[in-house]
Amino acid sequence: MKKFSIIIGIVGSLLLLATFLFPIWSISLEAPQYPDGINMYIWINQISGDTPHTLQNVNILNHYVGMKSIEPESIPELTYFPYIIVFMTLFGIAAAISMKKKIVMTWMITLVIIGIAGMVDFYMWEYDYGHDLNPNAPIKVPGQTYQPPLIGSQYLLNFKATSLPHVGSYFIGASFLFMGATYFMLKKANKPKKDKLEDKK
């Protein structure tokens, strides 16, 4: 049981590295003039789109309404978040090998805190881009802001903006579940013999 819990924990930790292979979030824009939509993907270390010109097209649209250009190289989170993922992967492997419930639980709590902090940071990033508008923009609509929803869909003028977790986020969730399974297997394996005998009665 303990060896299996170690394997599950290690596999769960390694799942975090999938965030380097898949985007963790997507923001899509739909409008009559863009029937195919514009899809932007947020990775752990970059921002991309359906085509090499997606980000350029989004920035052109942003310019008309006074939003700042999205420049991935100026976003610090894309620089240090990869290190956090690598740290959590190594931490998770060490926690699984230790076979200590407290260390495994510490890893799980840390991942939840990082997830919450990431969501708050993402909301603040969206808020800044959607509210800090150039007063000299070609198109000005009094009282209009352009912050996409954190999760879900919302109309911004004639654009329907949809923000949803992408494949990378599912791997993070799976990593948490795998480590949760490790925790409960260790808890069961370390159950006092007295309790085990009572369970058999």
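Here is how the numbers come out for the structure above:
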{"read-out": "Tally of residues being at pLDDT 95 or above and aromatic (Phe, Trp, Tyr) across segment 1-42", "value": "4"}
{"read-out": "Residue in segment 78-92 that is touching a residue at least 24 places away in the same chain (Cβ under 8 Å), over 15 Å from the mean Cα position of the chain (by Cα) and outside any helix (DSSP H, G or I) present", "value": "no"}
{"read-out": "Looking only at segment 48-77, and only at residues there that are of a type in the set (Val, Ile, Thr) and open to solvent by less than 60 Å² (accessible area, probe 1.4 Å), the one that is farthest from residue 129 (Cα to Cα)", "value": "54"}
{"read-out": "Enumeration of residues in segment 111-133 that are open to solvent by 40 Å² or more (accessible area, probe 1.4 Å) and among the hydroxyl-bearing types (Ser, Thr, Tyr)", "value": "123, 127"}
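Condition check ((1) within 22 Å of residue 39 (Cα to Cα); (2) part of a helix (DSSP H, G or I); (3) out of contact with any helix residue (DSSP H, G or I) (no Cβ under 6 Å at 6 or more places or on another chain)) across all residues:
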position: 110; (1), (2), (3): no, yes, yes
position: 122; (1), (2), (3): yes, yes, yes
position: 127; (1), (2), (3): yes, yes, yes
position: 130; (1), (2), (3): yes, yes, yes
position: 139; (1), (2), (3): no, no, no
position: 162; (1), (2), (3): yes, no, yes
position: 174; (1), (2), (3): no, yes, no
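The values are calculated or read from the model by the stated rules, or taken from the named source; none is laboratory data. What you are looking at is a predicted structure, and each value in this text was computed from that prediction instead of being measured. Neighbour counts are summed over all protein chains in view; Cβ atoms, including those assigned to glycine, are modelled from backbone coordinates with ideal geometry. In case anyone asks, the SASA skips ligands and DNA or RNA and just uses the protein heavy atoms, side chains included. Shrake-Rupley method; radii C 1.70, N 1.55, O 1.52, S 1.80 Å.
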